[in-house]
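Each remark here refers to the structure printed beneath this line.
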Amino acid sequence: MSFPFHRPRRLRRTARLRAMVRETSLAPAHLIQPLFVHSGEGRRTEIASMPGQARLSPDLVAEEAARLDRLGVGGAILFGIPDVKDAIGSGAADPDGVVPRAIRAAKEAAPALPIWADVCLCDYTDHGHCGRLGDGGAVDNDATLPLLARAAVTYAAAGADVVAPSDMMDGRVGEIRDALDEAGFAETVAICSYAAKYASAFYGPFREAAGSAPAFGDRRAYQMDPANVREALREVELDLDEGADLVMVKPALAYLDVVRVVRETFDVPVAAYAVSGEFSMVKAAAERGWIDGDAVAREILLSIRRAGADVILTYFASELAERL
């Protein structure tokens with residue numbers, strides 16, 4: 001039987017009816033707010049390409065953590081911007097670095113708020129690549145693994161609930177898991193692997209914010225080819241075998257098909273990162289009056305949830321939580 005017997009519009013007639021049969025939910029608890037951390041006290045530096053976002057000193061990260069906690073946001077992930085960089089990114093593992101200090105401050109201000117720490121060397125190396133360079137200027141995968149593991153243990157010791165390796169080195173999840181377990185964090189610190197991180201053009205504003213653009217070349221030799229989906233499943237499987245507790249797809253919006261196939265293939269929590277380029281495009285169009293930025297942001301995040309993401313890392317987390 002069809003029209004006029006079946007009328008789907010009957011359940012769309014009012015807001016309460018629509019809410020009653022809504023298939024996908026979007027709540028503050030699903031969202032993780034990225035925060036950029038630099039040195040100093042009371043220091044906030046606006047990021048021109050990401051309206052409303054800023055580099056924050058550790059004390060201001062603590063204030064923001066307390067606000068996110070009050071809003072019911074699912075957590076915050078921290079990215080460090082050191083004062084000094086070197087060839088091996090040694091600042092990433094400095095116990096007195098900006099990220100460990102921000103973690104300690106955030107956990108003191110908001111003990112219940114889950115704090116994630118991004119684990120990568122690109123922010124800390126003077127060449128901007130995600131690992132230690134070997135002969136010929138290519139990233140040396142295996143020589144990078146101990147450096148990443150030391151950084152992860154440093155963040156765990158500072159109080160991080162989740163460490164999130166984003167470097168895309170082969171074998172890094174296993175190396176980090178072993179190091180965390182040996183350091184006494186086997187039961188307390190989870191790993192969210194950037195398992196399917198693509199070599200994307202959507203990262204531009206982030207690289208300005210974090211000062212992490214490579215000084216030469218690009219990252220296509222270790223980040224994934226945007227044309228590939230089956231490879232993403234292999235990457236996810238490998239990271240789960242090495243001990244990842246959650247897996248991430250990055251970027252999100254242009255890779256919803258990847259989010260969906262990962263969700264359908266693996267019975268583990270799936271995160272997706274709605275990256276800086278996605279955020280900045282919405283903000284730029286909204287500033288020109290071309291779109292309703294708030295409504296578009298909600299629609300984008302809902303699409304990511306609908307594709308299967310349990311958790312969304314997004315720069316919209318804070319402002320949308322106030323409205324949700």
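Working ranking of peptides 234-245, 163-174, 310-321 by packing, defined as the average number of other Cβ atoms within 10 Å per residue, highest first, is 163-174, 310-321, 234-245.
Want the number for Val268 to Phe5: 0.36 nm per residue separation, take away the alpha-carbon distance, what's left? Display every interim value, and only then the final one.
Details: separation 263, 0.36 × 263 = 94.68 nm, distance 4.13 nm.
Here the segment from Val268 to Phe5 would lengthen by 90.6 nm.
At a 10 Å Cβ-Cβ cut-off, how would you order His129, His30, fewest neighbours first?
On the way: His129 27, His30 21.
Result, fewest neighbours first: His30, His129.
For Ile77, the amide hydrogen comes within under 5 Å of the amide hydrogens of Gln33, Leu35, Trp116, counting only partners 5 or more places away or on other chains and with H modelled in the peptide plane.
Return the tail of the calculated pair distribution for the stretch 1-104, meaning the percent of Cα-Cα pairs more than 23 Å apart. Summing the P(r) of the stretch 1-104 above 23 Å gives 49 percent of all pairs.
Over the chain, Cα pairs under 8 Å with separation of 6+ residues give a relative contact order of 18 percent. Shown in residue order for the stretch 79-84 are the 3J(HN,Hα) couplings computed by the Karplus curve 6.51 cos²θ - 1.76 cosθ + 1.60 at θ = phi - 60°: 10, x, 10, x, 6, 10 Hz (x for Gly and Pro).
Residue separation times 0.36 nm, minus the C-alpha to C-alpha distance between Glu41 and Leu302: what's the value?
90.3 nm
State, to one decimal in nm, how far the label point of Glu319 lies from the label point of Asp83, with both points 7 Å from Cα in the Cβ direction. Rounded to a tenth, the inter-label distance reads 3.2 nm. Placing a pseudo-label 7 Å from each Cα along the Cα-to-Cβ vector at Leu133 and Ala19 gives an inter-label distance of 5.7 nm.
Remark: the stretch 22-29, residue by residue, has Karplus-estimated 3J(HN,Hα) of 5, 8, 10, 10, 9, 10, x, 5 Hz, where x stands for each Gly or Pro and the curve is 6.51 cos²θ - 1.76 cosθ + 1.60 at θ = phi - 60°. Charge dipole (Cα centre; +1 on Lys/Arg Cβ, -1 on Asp/Glu Cβ; no other charges) of the chain amounts to roughly 2180 debye.
Since every read-out is calculated from the coordinates, none of them should be taken as a lab result. Because the structure is a prediction, the values reported are computed rather than measured. Note: ideal-geometry Cβ built from the backbone for every residue, glycine included; neighbour counts use all protein chains shown.
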